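All of the numbers you see were taken from the coordinates with simple rules; none came from a lab. From a predicted model like this one, the values you see are computed outputs, not experimental measurements. When we count neighbours, we look across all protein chains shown, and the Cβ atoms used for this are built from the backbone with ideal geometry, even at glycine.
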Amino acid sequence: MPSFRSEPADDTHLNEFFHSEAEIPGALDDVMDGVEQYFRNITTGALARMKNHYVPDQDLSHIEQFLQTRAIPCITFDNATVELGNDPNLVEHHSGWRTITRAGEQRLLSLFDGPVWLTHFDHLSVPFYQAYCSQYEASVAANADLLCGAGEMIGAGERHSTGDQVRHALRHHEVPDKDYTWYIQMKDAFPMQTSGFGLGVERWLQWLTKTGDIRNLQLVPRVHDFPTIP
């Protein structure tokens, strides 16, 4: 399904892009295992097709190298900031939370020589629906981003199991309960441990094909504030 964002488009980011998304029963480790299998399977299939439709000078070595790895390495957000030396160009500090910049993501990809899981972000840097590492822990999220190619390619996370956990997170993120009444009611009526993920399809294609500008991968150009028709 398509996703819509308000950030400006550039060579690695689209305003409107396609997400391959799923929600599964289970915790963070379960969804990370599932994502890794899924990512390997679709990449294996893509590599076979690319070899069948060989284009001169097409470089497939980065795909083959990834598929030869036994497991994708993992680093927590806290440990990543240490590896990055808390360089302000790589790690940005906000009011009560931190983010790693695109330059920081690229440094991590270079340090690990390929895809890497970045886990357990500051909770205020992720959507409210991501679970806390432990119940009502107010600092760290049970989430993981798979960095690959241009940076974040897949976002994954454990969800709150109960309505009370959702209410707590909404207060923490200063989001009105009334905007998510239906979600709270669902969690009250059917408490369940689930986790979910979303893979950016164009980001995956950009990595596969080594395309310099992600905007060249849109089936239909849809960039905000830029007329594409007539």
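Between the stretch 107-157 and the stretch 31-99, what's the alpha-carbon centroid distance in Å? So the two Cα centres are separated by 12 Å. Could you give P(r) for the stretch 117-203, binned at 5 Å from zero, as whole percent values over all Cα-Cα pairs? Pairs per bin, as whole percents: 3, 15, 24, 22, 18, 11, 6, 1, 0. Mean projected area of the convex hull spanned by the Cα atoms of the chain, taken over all viewing directions: 14.7 nm². Based on Cα contacts under 8 Å between residues 6+ apart, the chain shows a relative contact order of 26 percent.
Rank-order 46-57, 91-102, 162-173 by packing density, defined as the average count of other C-beta atoms within 10 Å over each peptide's residues, highest first.
Numbers: 46-57: 9.7, 91-102: 13.9, 162-173: 17.2.
Per-residue Cβ counts within 10 Å, averaged per peptide and sorted highest first, yield 162-173, 91-102, 46-57.
Per residue, the convex hull spanned by the alpha carbons of the stretch 4-123 comes to 165 Å³.
Taking only Cα atoms, what is the 0 to 90° angle, nearest 10, from helix 102-112's long axis to the longest principal axis of the chain? Helix 102-112 sits roughly 70 degrees off the main axis of the chain. Spin-label pair LEU67-ARG40: with each label point 7 Å from Cα along the Cα-Cβ axis, the two points sit 1.2 nm from one another. Legend: calculated FRET efficiency, ASP78 to VAL175, from the Cβ-Cβ distance at R0 = 25 Å, rounded to 0.05, equals 0.50.
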